[in-house]
Amino acid sequence: MDETFPVGGLVSMRRLGAALTAQRASRDLSITALARESGGWWAPDELLDVEKGAVALCDREIVAICRLYGLAGRELLPADTAELILDRSGSYDLTDASGVEPHGYVDLVLCRVAALARIVGFAPGARERDLGVLAESLTLSVEESAERLDQIVVSSYAEVDRQVEALASRMVVPAIGVLVAETAAGSVLIVERRTSATHGSTQFPAAAPLRRYAAAVFAV
(Lines give C-alpha, C1' and ligand atoms only; values in the text may rest on other atoms or scores of the structure.)
Protein backbone atom coordinates (compact mmCIF):
# COMPACT_ATOMS: atom_id res chain seq x y z
CA MET A 1 0.00 0.00 0.00
CA ASP A 2 1.46 3.35 -1.05
CA GLU A 3 1.68 5.63 2.00
CA THR A 4 3.35 8.59 0.30
CA PHE A 5 0.12 10.56 -0.02
CA PRO A 6 -1.03 12.08 3.28
CA VAL A 7 -4.73 11.69 4.00
CA GLY A 8 -4.46 14.13 6.92
CA GLY A 9 -5.89 14.40 10.40
CA LEU A 10 -9.29 13.62 11.89
CA VAL A 11 -10.77 17.12 12.01
CA SER A 12 -12.53 18.81 9.09
CA MET A 13 -11.49 22.46 9.18
CA ARG A 14 -14.68 23.54 7.41
CA ARG A 15 -16.93 21.76 9.88
CA LEU A 16 -14.87 22.96 12.83
CA GLY A 17 -15.08 26.53 11.55
CA ALA A 18 -18.86 26.30 11.23
CA ALA A 19 -19.16 24.91 14.76
CA LEU A 20 -16.96 27.68 16.14
CA THR A 21 -19.00 30.35 14.35
CA ALA A 22 -22.21 28.95 15.82
CA GLN A 23 -20.66 28.78 19.28
CA ARG A 24 -19.45 32.38 19.10
CA ALA A 25 -22.92 33.50 18.02
CA SER A 26 -24.49 31.63 20.94
CA ARG A 27 -22.18 33.53 23.31
CA ASP A 28 -22.92 36.82 21.53
CA LEU A 29 -19.21 37.55 21.16
CA SER A 30 -17.41 39.43 18.42
CA ILE A 31 -14.27 38.21 16.70
CA THR A 32 -12.41 41.12 18.31
CA ALA A 33 -13.61 40.15 21.79
CA LEU A 34 -12.42 36.58 21.31
CA ALA A 35 -9.06 37.79 20.06
CA ARG A 36 -8.70 39.81 23.26
CA GLU A 37 -9.65 36.74 25.33
CA SER A 38 -6.82 34.84 23.64
CA GLY A 39 -4.29 37.26 25.16
CA GLY A 40 -2.95 38.18 21.75
CA TRP A 41 -2.40 34.57 20.68
CA TRP A 42 -4.96 34.94 17.88
CA ALA A 43 -5.56 38.07 15.80
CA PRO A 44 -9.13 38.85 14.66
CA ASP A 45 -8.27 38.12 11.02
CA GLU A 46 -6.76 34.77 12.00
CA LEU A 47 -9.90 33.78 13.91
CA LEU A 48 -12.02 34.80 10.93
CA ASP A 49 -9.94 32.54 8.69
CA VAL A 50 -10.38 29.68 11.16
CA GLU A 51 -14.15 30.16 11.15
CA LYS A 52 -14.11 30.08 7.35
CA GLY A 53 -12.20 26.79 7.45
CA ALA A 54 -9.52 28.47 5.38
CA VAL A 55 -6.51 27.45 7.46
CA ALA A 56 -5.12 24.10 8.57
CA LEU A 57 -4.62 23.90 12.32
CA CYS A 58 -2.23 21.55 14.05
CA ASP A 59 -3.59 19.31 16.80
CA ARG A 60 -2.38 21.64 19.56
CA GLU A 61 -4.10 24.61 17.91
CA ILE A 62 -7.34 22.66 17.58
CA VAL A 63 -7.42 22.10 21.34
CA ALA A 64 -6.60 25.77 22.01
CA ILE A 65 -9.26 27.13 19.65
CA CYS A 66 -11.98 24.86 21.06
CA ARG A 67 -11.15 26.07 24.57
CA LEU A 68 -11.13 29.70 23.48
CA TYR A 69 -14.58 29.43 21.93
CA GLY A 70 -15.95 27.29 24.75
CA LEU A 71 -17.04 24.51 22.41
CA ALA A 72 -19.01 21.89 24.33
CA GLY A 73 -17.46 18.48 24.91
CA ARG A 74 -19.10 15.16 24.21
CA GLU A 75 -18.29 11.48 23.95
CA LEU A 76 -17.31 9.64 20.80
CA LEU A 77 -20.09 8.43 18.50
CA PRO A 78 -22.09 5.45 19.81
CA ALA A 79 -21.51 2.52 17.45
CA ASP A 80 -25.19 1.96 16.75
CA THR A 81 -25.70 5.55 15.58
CA ALA A 82 -22.55 5.99 13.44
CA GLU A 83 -22.70 6.36 9.68
CA LEU A 84 -20.58 7.63 6.81
CA ILE A 85 -21.49 10.85 5.02
CA LEU A 86 -20.04 12.83 2.16
CA ASP A 87 -19.84 16.52 3.04
CA ARG A 88 -19.85 18.41 -0.25
CA SER A 89 -19.21 21.85 1.29
CA GLY A 90 -15.71 21.69 -0.12
CA SER A 91 -13.44 19.56 -2.23
CA TYR A 92 -9.78 18.64 -2.17
CA ASP A 93 -7.34 18.60 -5.06
CA LEU A 94 -5.99 15.06 -4.98
CA THR A 95 -3.98 15.22 -8.17
CA ASP A 96 -0.22 15.47 -8.15
CA ALA A 97 1.86 17.63 -10.50
CA SER A 98 1.13 15.29 -13.41
CA GLY A 99 -2.62 15.65 -12.93
CA VAL A 100 -2.99 12.02 -11.86
CA GLU A 101 -4.47 10.86 -8.58
CA PRO A 102 -1.67 9.42 -6.39
CA HIS A 103 -1.24 5.67 -6.63
CA GLY A 104 -2.73 3.75 -3.73
CA TYR A 105 -4.92 6.60 -2.50
CA VAL A 106 -8.15 4.58 -2.61
CA ASP A 107 -6.65 1.75 -0.57
CA LEU A 108 -5.24 4.22 1.94
CA VAL A 109 -8.66 5.81 2.43
CA LEU A 110 -10.31 2.38 2.78
CA CYS A 111 -7.67 1.36 5.30
CA ARG A 112 -8.51 4.43 7.36
CA VAL A 113 -12.21 3.58 7.09
CA ALA A 114 -11.47 0.09 8.42
CA ALA A 115 -9.29 1.43 11.24
CA LEU A 116 -11.72 4.13 12.33
CA ALA A 117 -14.68 1.76 12.07
CA ARG A 118 -12.87 -0.61 14.43
CA ILE A 119 -12.29 2.21 16.91
CA VAL A 120 -15.83 3.55 16.73
CA GLY A 121 -17.22 0.03 16.61
CA PHE A 122 -19.37 -0.05 13.52
CA ALA A 123 -19.25 -1.97 10.25
CA PRO A 124 -19.42 0.33 7.18
CA GLY A 125 -19.45 -2.70 4.88
CA ALA A 126 -22.71 -3.91 6.40
CA ARG A 127 -24.88 -1.03 5.17
CA GLU A 128 -25.44 -0.20 1.52
CA ARG A 129 -25.76 3.50 2.35
CA ASP A 130 -22.23 3.60 3.83
CA LEU A 131 -20.86 1.69 0.86
CA GLY A 132 -22.62 4.16 -1.42
CA VAL A 133 -20.81 7.05 0.26
CA LEU A 134 -17.46 5.33 -0.24
CA ALA A 135 -18.32 4.49 -3.83
CA GLU A 136 -19.28 8.06 -4.68
CA SER A 137 -16.31 9.66 -2.93
CA LEU A 138 -13.75 7.28 -4.47
CA THR A 139 -15.39 6.93 -7.91
CA LEU A 140 -16.14 3.24 -7.50
CA SER A 141 -19.27 1.17 -7.87
CA VAL A 142 -20.99 0.04 -4.68
CA GLU A 143 -19.89 -3.51 -5.47
CA GLU A 144 -16.27 -2.41 -5.93
CA SER A 145 -16.25 -0.43 -2.71
CA ALA A 146 -17.59 -3.44 -0.79
CA GLU A 147 -15.10 -5.82 -2.39
CA ARG A 148 -12.08 -3.58 -1.87
CA LEU A 149 -13.03 -2.77 1.72
CA ASP A 150 -13.34 -6.50 2.44
CA GLN A 151 -9.93 -7.10 0.85
CA ILE A 152 -8.36 -4.41 3.02
CA VAL A 153 -9.86 -5.87 6.20
CA VAL A 154 -8.75 -9.42 5.35
CA SER A 155 -5.41 -8.98 3.56
CA SER A 156 -4.11 -5.84 5.27
CA TYR A 157 -4.99 -6.59 8.87
CA ALA A 158 -1.53 -5.59 10.11
CA GLU A 159 -1.75 -2.28 8.23
CA VAL A 160 -5.19 -1.59 9.71
CA ASP A 161 -3.69 -2.30 13.16
CA ARG A 162 -0.91 0.16 12.43
CA GLN A 163 -3.42 2.79 11.35
CA VAL A 164 -5.42 2.29 14.55
CA GLU A 165 -2.32 3.00 16.63
CA ALA A 166 -1.27 5.94 14.44
CA LEU A 167 -4.72 7.53 14.64
CA ALA A 168 -4.94 7.08 18.41
CA SER A 169 -2.79 10.14 19.07
CA ARG A 170 -4.50 12.37 16.51
CA MET A 171 -6.88 15.05 17.68
CA VAL A 172 -10.61 14.60 17.20
CA VAL A 173 -13.64 16.83 17.85
CA PRO A 174 -16.56 14.40 18.27
CA ALA A 175 -19.20 17.13 18.02
CA ILE A 176 -18.41 17.65 14.33
CA GLY A 177 -17.74 14.04 13.38
CA VAL A 178 -14.54 12.15 12.59
CA LEU A 179 -12.86 12.99 9.31
CA VAL A 180 -11.86 9.94 7.27
CA ALA A 181 -10.43 11.77 4.27
CA GLU A 182 -10.78 14.71 1.95
CA THR A 183 -11.63 13.54 -1.56
CA ALA A 184 -12.29 15.25 -4.86
CA ALA A 185 -16.02 14.81 -4.20
CA GLY A 186 -15.91 16.25 -0.68
CA SER A 187 -15.12 15.18 2.89
CA VAL A 188 -15.86 11.62 4.01
CA LEU A 189 -16.79 11.62 7.71
CA ILE A 190 -18.10 9.32 10.38
CA VAL A 191 -20.98 11.16 12.07
CA GLU A 192 -23.97 10.45 14.24
CA ARG A 193 -27.21 9.84 12.38
CA ARG A 194 -29.50 12.85 12.37
CA THR A 195 -32.22 10.87 14.11
CA SER A 196 -29.97 10.54 17.17
CA ALA A 197 -30.07 13.07 19.99
CA THR A 198 -26.78 14.91 20.49
CA HIS A 199 -25.92 15.57 24.10
CA GLY A 200 -23.11 17.61 25.57
CA SER A 201 -20.94 16.08 28.27
CA THR A 202 -18.82 17.60 30.99
CA GLN A 203 -16.92 14.31 31.23
CA PHE A 204 -15.23 14.81 27.87
CA PRO A 205 -13.33 17.78 26.41
CA ALA A 206 -14.37 19.31 23.10
CA ALA A 207 -11.09 18.24 21.50
CA ALA A 208 -8.60 15.59 22.59
CA PRO A 209 -6.61 12.66 21.17
CA LEU A 210 -8.81 9.89 19.81
CA ARG A 211 -7.35 7.56 22.44
CA ARG A 212 -9.00 9.72 25.14
CA TYR A 213 -12.48 8.97 23.80
CA ALA A 214 -12.00 5.30 23.00
CA ALA A 215 -9.85 4.18 25.91
CA ALA A 216 -11.32 0.67 25.94
CA VAL A 217 -10.10 0.01 22.39
CA PHE A 218 -6.51 0.83 23.28
CA ALA A 219 -6.42 -0.69 26.77
CA VAL A 220 -3.73 -3.33 27.09
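The values are calculated or read from the model by the stated rules, or taken from the named source; none is laboratory data. In this text the structure is predicted, and so the values were computed from the model without any measurement. Methodologically, a virtual Cβ is constructed for each residue, glycine included, from the backbone with ideal geometry; neighbour enumeration extends over all protein chains shown.
Scanning region 137-153 for residues that are within 9 Å of residue 125 (Cβ to Cβ) and either at pLDDT 90 or above or in contact with a Ser or Thr (Cβ under 6 Å, 6 or more places away or on another chain) (or both) returns 145, 146, 149, 150. Of all positions in region 140-154, none carries a residue that is within 28 Å of residue 21 (Cβ to Cβ), in the same structural domain as residue 86 (by TED's automatic domain parsing) and either aliphatic (A, V, I, L, M) or touching a Cys at 6+ places or on another chain (Cβ under 6 Å) (or both). Report whether or not residue 173 is at pLDDT 85 or above, over 28 Å from residue 140 (Cβ atoms) and among the β-branched types (Val, Ile, Thr). For residue 173, the condition - at pLDDT 85 or above, over 28 Å from residue 140 (Cβ atoms) and among the β-branched types (Val, Ile, Thr) - is met.
Which of the residues spanning region 116-144 are assigned to a helix (DSSP H, G or I) and more than 20 Å from the chain's Cα centre (by Cα)? The answer is 126, 128, 142, 143, 144.
Can you go through 60, 67, 14, 24 and tell me which one is among the charged types (D, E, K, R), in contact with a Phe, Trp or Tyr (Cβ under 9 Å, 6 or more places away or on another chain) and closer than 24 Å to residue 204 by Cα? Sole residue among the options that is among the charged types (D, E, K, R), in contact with a Phe, Trp or Tyr (Cβ under 9 Å, 6 or more places away or on another chain) and closer than 24 Å to residue 204 by Cα: 24.
Selection within region 65-94: residues that are of a type in the set (A, V, I, L, M) and at pLDDT 95 or above. The member of this set that is surrounded by the most Cβ atoms within 10 Å (Cβ to Cβ) is 65.
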